[in-house]
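In what follows, a single structure is set out as structure tokens and then discussed.
The values are calculated or read from the model by the stated rules, or taken from the named source; none is laboratory data. Computed from a predicted structure; not experimentally measured. We place every Cβ from the backbone using ideal geometry, glycine too, and count neighbours over all the protein chains shown.
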Amino acid sequence: MVVYLILGLFLILFMGLFYKAQEEQKNQDEGGGAACSVTGKINEAAWNKTFESAGVFNGHQDFFVEVAEKEGIDPVLFAAIALHETGYGTSRAVIEKNNPGGLMGNGGLMLFVSLEEGIEAMGRTLHNRIIKDGKTTIKALGAVYAPVGAANDPTNLNANWVPTTEAIVKKLGGLTMNCEANGFSKDGGDFSGDTKGALNYFKTVLSEMKKFDGTPYVFGGANPGTGFDCSGLMQWAFKKAGINLPRTANEQYNFSEKIPPDKVKPGDLVFFKGTYNAGVPITHVGIYTGDGKMYNSNGSGVGYSSITEGYWKQHLAGFGRVR
């Protein structure tokens, strides 16, 4: 009986380690930009005391931990950003729309059915920014959440985002994880994918787009003064390479030569359907950068996204080439 018990415990331990290894490999195979490891524990006293005066977040501290563990991100960093974004759980966005992370959709600030749903959505977004995009520092994340010099920040309040978030992290007792970038620079990441066989205008276009890395999505925006939506960013950057694209994603789809997936090259446009109710088939566009990634402007801001998994894979409509 004892022998069977020992064998059973050994099998459980082995399966746990095997599962963890599979998950780490999955992150790498899916183009994960970073790997995070636990380096400490939450300071329970500081953690609970902070949440006592955190508005609607009071009583949800365990849920933040649960979501953070699920997404492989630091719960302290997760909570600190949510606290900062919502003025310690008191903003209209979190009270009226259950939106703790300032998450934007094509129609503006996103509405969630419950606070738990909003926290989960924010957790997924942070996972994408940290694990997939390799933005492993508060400074790098700040470039996404609150880019300094953004057109919608005339009083430069965004300059306070990084130091304030760092102060909240300290108040909560400090970070509990260390994240190392894979193929990204620690100050925020730079990944252009495999550019072998890229179209001749690719570098020019991507270089122009990356000037706006991390800036917020702006519906209807088509220039640096207003910010960019998806097709506005494409139109602006392609013009720098001497290519005049029409204005909307659907128009750009109709304008382009359709390319099968096995022939796609860095520089081709990648199109998506059904991302919002626009009354037309094609509702989003990005530029393919290689290795199953695109560069685009979406609700999380301007930056890289994977098209081989999750949301973008589900809505993928096809590829197009322009001359």
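If you take the residues in the range 86-109 that are within 17 Å of the chain's Cα centre (by Cα) and crowded, with 19+ Cβ neighbours inside 10 Å, which one is nearest to ASP62 (Cα to Cα)?
Of everything passing the filter in the range 86-109, PRO100 is nearest to ASP62 (Cα to Cα).
Just wondering, is there one or more residues in the range 189-198 that are modelled with pLDDT of 75 or more, in a strand (DSSP E or B) and more than 22 Å from SER297 (Cα to Cα)?
no
What helices (runs of 4 or more DSSP H) completely inside the range 220-323 contain at least 2 residues that are more than 23 Å from ALA150 (Cα to Cα), at pLDDT below 95 and touching a strand residue (DSSP E or B) at 6+ places or on another chain (Cβ under 9 Å)?
Filter on the range 220-323 gives 310-315.
So, in the range 113-141, of the ones that are among the hydroxyl-bearing types (Ser, Thr, Tyr) and part of a loop (DSSP other than H, G, I, E, B), which residue ends up farthest from ASN223 (Cα to Cα)?
Of everything passing the filter in the range 113-141, SER114 is farthest from ASN223 (Cα to Cα).
For VAL65, are the conditions met, namely being modelled with pLDDT of 95 or more, surrounded by fewer than 22 Cβ atoms within 10 Å (Cβ to Cβ) and assigned to a helix (DSSP H, G or I)?
Against the criterion (modelled with pLDDT of 95 or more, surrounded by fewer than 22 Cβ atoms within 10 Å (Cβ to Cβ) and assigned to a helix (DSSP H, G or I)), VAL65 qualifies.
Yes/no matrix, rows are residues, columns are (1) in the same structural domain as ARG129 (by TED's automatic domain parsing); (2) buried (at least 20 other Cβ atoms within 10 Å of the Cβ); (3) acidic (Asp, Glu):
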{"site": "THR215", "(1), (2), (3)": "no, yes, no"}
{"site": "PRO224", "(1), (2), (3)": "no, no, no"}
{"site": "ASP229", "(1), (2), (3)": "no, yes, yes"}
{"site": "ILE243", "(1), (2), (3)": "no, no, no"}
{"site": "GLU251", "(1), (2), (3)": "no, no, yes"}
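Among the candidates VAL148, VAL144, which residue alone is at pLDDT below 85 and in a helix (DSSP H, G or I)?
Details: VAL148 fails: in a helix (DSSP H, G or I).
Within the list VAL148, VAL144, the selection yields VAL144.
All but one of (1) buried (at least 17 other Cβ atoms within 10 Å of the Cβ); (2) without any contact (Cβ under 8 Å) to a residue 60 or more places away in the chain hold for PRO75, so report the exception by its number.
Looking at each condition in turn, PRO75 falls short on (2).
Of everything in the range 68-112, what is assigned to a helix (DSSP H, G or I) and either small (Gly, Ala, Ser) or in the same structural domain as VAL302 (by TED's automatic domain parsing) (or both)? Give them in sequence order. Show your work before the answer.
Step one: list which residues in the range 68-112 are assigned to a helix (DSSP H, G or I), which gives 68-71, 75-85, 92-97.
ALA68, ALA79, ALA80, ALA82, ALA93, listed by residue number.
Take GLY227 and tell me if it is touching a residue at least 12 places away in the same chain (Cβ under 8 Å), farther than 26 Å from ASN99 by Cβ, touching a Ser or Thr at 6+ places or on another chain (Cβ under 7 Å) and not aromatic (Phe, Trp, Tyr).
Here the answer is no, as GLY227 does not meet what is asked.
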